[in-house]
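Shown next, in structure tokens, is the structure this report addresses.
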Number of protein chains: 2
Amino acid sequence: MTALAPVLDTLDATLDASLDRLFDLLRIQSISTDPAYRDQCRQAAEWLAKDLQSIGFSASVRDTTGHPMVVAHHDGPSPDAPHVLFYGHYDVQPVDPLNLWESDPFEPSLKEVSPGRRIITGRGSADDKGQLMTFVEACRAYKQAHGALPCRVSILFEGEEESGSPSLKPFLEANAAELKADFALVCDTGMWDRDTPAISTGLRGLVGEEITVKAANRDLHSGSFGGAAANPIRILAKILADIHDETGRVTIPGFYDGVEETPSQVLASWETLGETAEDFLGPIGLSIPSGEKGRSVLELVWARPTAEFNGIIGGYTGKGFKTVIAAEASSKISFRLVHKQDPIKIRDAFRDFVRARIPADCSVEFHEHGGSPAIQLSYDSPFLAKAKDALSDEWPKPAVMIAMGGSIPIVGDFQTYLGMESLLVGFGLSDDRIHSPNEKYELSSFHKGQRSWARILDALAR
Amino acid sequence: MTALAPVLDTLDATLDASLDRLFDLLRIQSISTDPAYRDQCRQAAEWLAKDLQSIGFSASVRDTTGHPMVVAHHDGPSPDAPHVLFYGHYDVQPVDPLNLWESDPFEPSLKEVSPGRRIITGRGSADDKGQLMTFVEACRAYKQAHGALPCRVSILFEGEEESGSPSLKPFLEANAAELKADFALVCDTGMWDRDTPAISTGLRGLVGEEITVKAANRDLHSGSFGGAAANPIRILAKILADIHDETGRVTIPGFYDGVEETPSQVLASWETLGETAEDFLGPIGLSIPSGEKGRSVLELVWARPTAEFNGIIGGYTGKGFKTVIAAEASSKISFRLVHKQDPIKIRDAFRDFVRARIPADCSVEFHEHGGSPAIQLSYDSPFLAKAKDALSDEWPKPAVMIAMGGSIPIVGDFQTYLGMESLLVGFGLSDDRIHSPNEKYELSSFHKGQRSWARILDALAR
């Protein structure tokens, strides 16, 4: 057993060097969803493997049919020390619209936004490169201070988290023996607020779909054919409009099968967090919850399913005007799932719903973009209790148990393929603008995140 | 008075040279709606002025705040000869999606598509460069055969017809004395079919609008905010879906004010044309009329108003998937007007309709893209009777009176600013794919169109 204090001191003393390393990683344009950035994704994987090797991990880049995985292992102080598998992802979201970025998304910088508060700017700073490096830096500091780690540590870095993780399940299945640990540490979530760390125990699932409505065999002049020929934008708009009723409920038959009412004591605990619709929506310029009426914003994003339209395109979208009736129009649509909603049933029900609204002389094509059920983690694991205490020691306020609106399919996959529970700890803030222009990560998240992982590793080893 | 036969012989003998000239004009990328093609629009205007000068017209390029006009004049055989103003437009529609073109849109070619049937390919071949050159070639042949024209001829070529004609009204107003003639010849319409010429006596009007729905102050992660934050694509889809009811009628209050039922004898005459929904929609791969139920396709496109969605965009539209809630979404929408529908009232009613559907914490911006009322020309003008006979002499079948689904705002502007009726004659076919990839113009339209104008000028001068 090693002492924690020298590790924390090392982290404080080496913050600048850790920032240089993070900036190197942030400069790599590892956009996984766009095939044009294939080489950059591999470059990020190789950078990480090399960095882990420099700390003493046996680390390697593993090919998949998509972007590669990084797998690394490090011994603990003894064979019976706890064994954790840390997970993060090195891929990032696309950066469009580029003109809304205040600085180059791939040229990270440190900016002082108010006295004493500094942020790290750039795509991936919060999601997820900045987060995963908090753990790597904690390991590095342990090695520097003590020449050893307090636990046996394995690491898995994925490069397809932002594009549906197509290679993940086969990889976990093929490498289950190597990757299995006592439990997983997943660092892709957020804090409750700037002072309050959080452990996420619930995660919404996701079904992603893309539909293309096809009408005429070519674009038409709306003067010659308008009023007679089917317009795919009109058909698509009607489909999308039909998906919600006046109360904000999703109308797809069977959509709410498996959705449970949140227990009143859970709702009451969320109530104590004091988050109003104004608190939640104000920072993004809104004030009225758009989901099912009569539920708090926290319940809406943590415990209720949704249908969201993530993109739509059809016809002429350039400057000026073109009096055209398009041959086709398409939309990307996602469903957030909770509790026991079945992704396969939801997808099938959605497709039936769409097909029923396609005129007989038109057609529709579907394209699948991933699917995963919701996750509910147990509240009473000993790992959870240790991590909660460790986090509470580091931050101004005690750690809270929350749920997450987004999907982290890896948590379900770890359960399914490795029989392993996950501990979800992360240091993002709700204003980090992940997936948006001007993504940032607080310098305090990066620094105290490193210290938090050092504390958690120390606690888990006790 | 000059003899017609030598003029027709000249047109037959010089067809190849007339094609070379048309191809030169088609190569100029005069896309008026896209500011990137500003120089090419001027180039087209200059090419036309120079060509008209070579025939003996006093022709000049006239600056506007947008793309320039071409104005030209030529004396007739005597000061009291009829005076016509010929109108065409040298600008063309954008060419996207470029990948659907079988050959370069701006490298015209002559293709034999079946034995004896050849087509001219390229953007603008039918709309409207090929059409306007039929008249220019008829004038050239008259000069070559007789050294004179049978009428006094003025010409106005516009360069903003495909982008809402912002400069036209001020130009007509400022130059009314110079441009006023006995009546106008407008060549921007089509034939009834390959064998049957047509004169258009009704034209739908147009209101063009672009709306942008704005919700959050930035793009959001749909996991973090989905179910709580307003989604502008959902708001926009609901607005568009609300615009039509189940029977295909437009639901905007007051939309049908000024719409008249088409007289039964007119409907009966259209009935004799024998056009079924299958005839009309079959070539574009459709079969079911999408407009108001219980009306023929000809009535739908010639005599009923419409709301069409010409473009829509919002959120992530690239490859793959992005779980984003967009900050804004927009759509280009046009209304085709008939009879006495008022463009200003329609625009106002539409905007009220949209505003009523914007949540209190969101906003909408409107951008106007032109507006013009419908036109109904008189059936009993002597010019019309002469032109009808002249066309019937040239083509296999007699000319018919039809209506047009599209807008040609110039016809209303000639009435308003120059107090002048128009004669609408054109040689386009419904499969010319104007505004679409692979636009073409029949070689027979180009050649017999030239001969038709020669006959019409000859008939008008009698």
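Among the candidates A:Glu210, A:Glu292, A:Glu271, single out the residue that is within 26 Å of the chain's Cα centre (by Cα) and assigned by TED's automatic domain parsing to the domain that holds A:Gly315. First the steps, then the outcome.
On the way: A:Glu292 fails: assigned by TED's automatic domain parsing to the domain that holds A:Gly315; A:Glu271 fails: assigned by TED's automatic domain parsing to the domain that holds A:Gly315.
When all the criteria are applied, what remains is A:Glu210.
Using the structure shown, decide if A:Leu172 is among the aliphatic types (A, V, I, L, M), in contact (Cβ under 8 Å) with a residue 24 or more places away in the chain and more than 11 Å from every other protein chain (Cβ to nearest Cβ).
So A:Leu172 passes the test.
Here are some residues: B:Ile358, B:Ile346, B:Ile333, B:Ile375. Which one is of a type in the set (Val, Ile, Thr) and in contact with a Ser or Thr (Cβ under 9 Å, 6 or more places away or on another chain)? Can you show your working first?
Numbers: B:Ile358 fails: in contact with a Ser or Thr (Cβ under 9 Å, 6 or more places away or on another chain); B:Ile346 fails: in contact with a Ser or Thr (Cβ under 9 Å, 6 or more places away or on another chain); B:Ile333 fails: in contact with a Ser or Thr (Cβ under 9 Å, 6 or more places away or on another chain).
Matching residue, one of B:Ile358, B:Ile346, B:Ile333, B:Ile375: B:Ile375.
Please indicate, with yes or no, whether at least one residue in the stretch B:188-207 is over 28 Å from the mean Cα position of the chain (by Cα) and more than 7 Å from chain A (Cβ to nearest Cβ).
Scanning the stretch B:188-207, I find no residue that is over 28 Å from the mean Cα position of the chain (by Cα) and more than 7 Å from chain A (Cβ to nearest Cβ), so the answer is no.
Could you grab me the full set of residues in the stretch B:279-297 that are touching a strand residue (DSSP E or B) at 6+ places or on another chain (Cβ under 8 Å) and closer than 19 Å to B:Val338 by Cα?
Residue satisfying the conditions is B:Gly291 alone.
Counting just the residues of the stretch A:223-265 that are over 18 Å from A:Gly291 (Cβ atoms) and free of Cβ contacts under 8 Å to residues at least 40 places away in the same chain, which one comes out nearest to the chain's Cα centre (by Cα)?
A:Pro263
Regarding B:Ala216, is this residue closer than 30 Å to A:Gln93 by Cα and either more than 7 Å from chain A (Cβ to nearest Cβ) or in contact (Cβ under 8 Å) with a residue 12 or more places away in the chain (or both)?
So B:Ala216 passes the test.
Condition first: buried (at least 24 other Cβ atoms within 10 Å of the Cβ) and aliphatic (A, V, I, L, M). Now tell me which residues in the stretch A:308-323 satisfy that.
A:Ile312
Which residues, counting only those in the stretch B:310-337, are closer than 17 Å to A:Glu328 by Cα, in contact with a Phe, Trp or Tyr (Cβ under 7 Å, 6 or more places away or on another chain) and either assigned to a loop (DSSP other than H, G, I, E, B) or at the interface with chain A (Cβ under 7 Å from one of its Cβ atoms) (or both)?
B:Asn310, B:Gly311, B:Lys332
Does at least one position in the stretch A:269-279 carry a residue that is surrounded by fewer than 22 Cβ atoms within 10 Å (Cβ to Cβ), at the interface with another protein chain (Cβ under 8 Å from one of its Cβ atoms) and at pLDDT below 95?
Within the stretch A:269-279, one or more residues are surrounded by fewer than 22 Cβ atoms within 10 Å (Cβ to Cβ), at the interface with another protein chain (Cβ under 8 Å from one of its Cβ atoms) and at pLDDT below 95.
Could you list all residues from the stretch A:29-43 that are touching a helix residue (DSSP H, G or I) at 6+ places or on another chain (Cβ under 8 Å) and more than 9 Å from A:Val92 (Cβ to Cβ)?
Result: A:Thr33, single match.
Hey, does the stretch A:344-363 have a residue that's part of a helix (DSSP H, G or I) and over 23 Å from A:Ala237 (Cα atoms)?
Checking the stretch A:344-363: at least one residue is part of a helix (DSSP H, G or I) and over 23 Å from A:Ala237 (Cα atoms).
Go through (1) of a type outside the set (Gly, Ala, Ser); (2) surrounded by 19 or more Cβ atoms within 10 Å (Cβ to Cβ); (3) out of contact with any His (no Cβ under 6 Å at 6 or more places or on another chain); (4) not in a loop (DSSP other than H, G, I, E, B) for A:Asp127 and report which single condition fails.
Every condition holds for A:Asp127 apart from (4).
What are the residue pairs meeting all of these: first residue in the stretch B:71-82, first residue touching a residue at least 24 places away in the same chain (Cβ under 8 Å), second residue of a type outside the set (A, V, I, L, M) and in a loop (DSSP other than H, G, I, E, B), Cβ atoms under 6 Å, and 6 or more apart or on different chains?
That search, which allows pairs on different chains as well, returns B:Ala72/B:Phe57; B:His74/B:Phe57; B:Gly76/B:Cys151; B:Ala81/B:Cys151; B:Pro82/B:Cys151; B:Pro82/B:Asp182.
For (1) among the aliphatic types (A, V, I, L, M); (2) surrounded by fewer than 17 Cβ atoms within 10 Å (Cβ to Cβ), each residue gets a yes or a no:
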site: B:Val7; (1), (2): yes, no
site: B:Asp12; (1), (2): no, yes
site: B:Ser18; (1), (2): no, no
site: B:Ile28; (1), (2): yes, no
site: B:Gln40; (1), (2): no, no
site: B:Ile55; (1), (2): yes, no
site: B:Pro68; (1), (2): no, no
site: B:Ala72; (1), (2): yes, no
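Being in a loop (DSSP other than H, G, I, E, B), free of Cβ contacts under 8 Å to residues at least 24 places away in the same chain and farther than 21 Å from A:Ser363 by Cα is the filter here; which residues of the stretch B:281-299 pass it?
Selection gives B:Gly294, B:Arg295.
Considering only strands (runs of 3 or more DSSP E) fully contained in the stretch B:44-124, which possess at least 2 residues that are modelled with pLDDT of 95 or more and farther than 29 Å from B:Ser422 by Cα? Outline the logic, then answer.
Working: elements: B:58-62, B:69-74, B:83-89, B:109-114, B:117-121.
Passing ranges, in order: B:109-114, B:117-121.
Considering A:Leu391, A:Leu337, which residue is crowded, with 19+ Cβ neighbours inside 10 Å and closer than 30 Å to A:Leu457 by Cα? Outline the logic, then answer.
Values: A:Leu337 fails: closer than 30 Å to A:Leu457 by Cα.
When all the criteria are applied, what remains is A:Leu391.
Working carefully through the options B:Ser334, B:Ser330, B:Ser422, find the one that is in contact with a His (Cβ under 8 Å, 6 or more places away or on another chain) and closer than 24 Å to B:Glu161 by Cα.
Result: B:Ser334 is the single residue among B:Ser334, B:Ser330, B:Ser422 that is in contact with a His (Cβ under 8 Å, 6 or more places away or on another chain) and closer than 24 Å to B:Glu161 by Cα.
Mind listing whichever residues of the stretch A:245-279 are within 17 Å of B:Phe225 (Cα to Cα), out of contact with any Asp or Glu (no Cβ under 7 Å at 6 or more places or on another chain) and not in a helix (DSSP H, G or I)?
Matches in the stretch A:245-279: A:Val250, A:Glu275, A:Thr276.
Give the residue, chosen from A:Gln93, A:Gln144, that is buried (at least 24 other Cβ atoms within 10 Å of the Cβ) and assigned by TED's automatic domain parsing to the domain that holds A:Leu384.
On the way: A:Gln144 fails: buried (at least 24 other Cβ atoms within 10 Å of the Cβ).
Only one candidate passes the filter, namely A:Gln93.
How many residues, within the stretch A:74-118, are in contact with a Pro (Cβ under 8 Å, 6 or more places away or on another chain), more than 30 Å from A:Asp458 (Cβ to Cβ) and among the aliphatic types (A, V, I, L, M)?
Total meeting the criteria: 3.
Restricting to the stretch B:344-380, and then to whatever is more than 14 Å from every other protein chain (Cβ to nearest Cβ) and at pLDDT below 95, can you tell me which residue is surrounded by the fewest Cβ atoms within 10 Å (Cβ to Cβ)?
Once the filter is applied, the top-ranked residue is B:Asp380.
With respect to the numbered conditions (1) at pLDDT below 95; (2) in contact with a Gly (Cβ under 7 Å, 6 or more places away or on another chain), which one is the sole condition not fulfilled by A:Gly311?
Looking at each condition in turn, A:Gly311 falls short on (1).
Tally the residues that are at the interface with chain B (Cβ under 7 Å from one of its Cβ atoms) and assigned to a loop (DSSP other than H, G, I, E, B), restricting the search to the stretch A:300-309.
So the answer is 1.
The values are calculated or read from the model by the stated rules, or taken from the named source; none is laboratory data. Since the structure is predicted, the reported quantities are computational estimates derived from the model, not experimental observations. Virtual Cβ from ideal backbone geometry, glycine too; neighbours counted across all protein chains shown.
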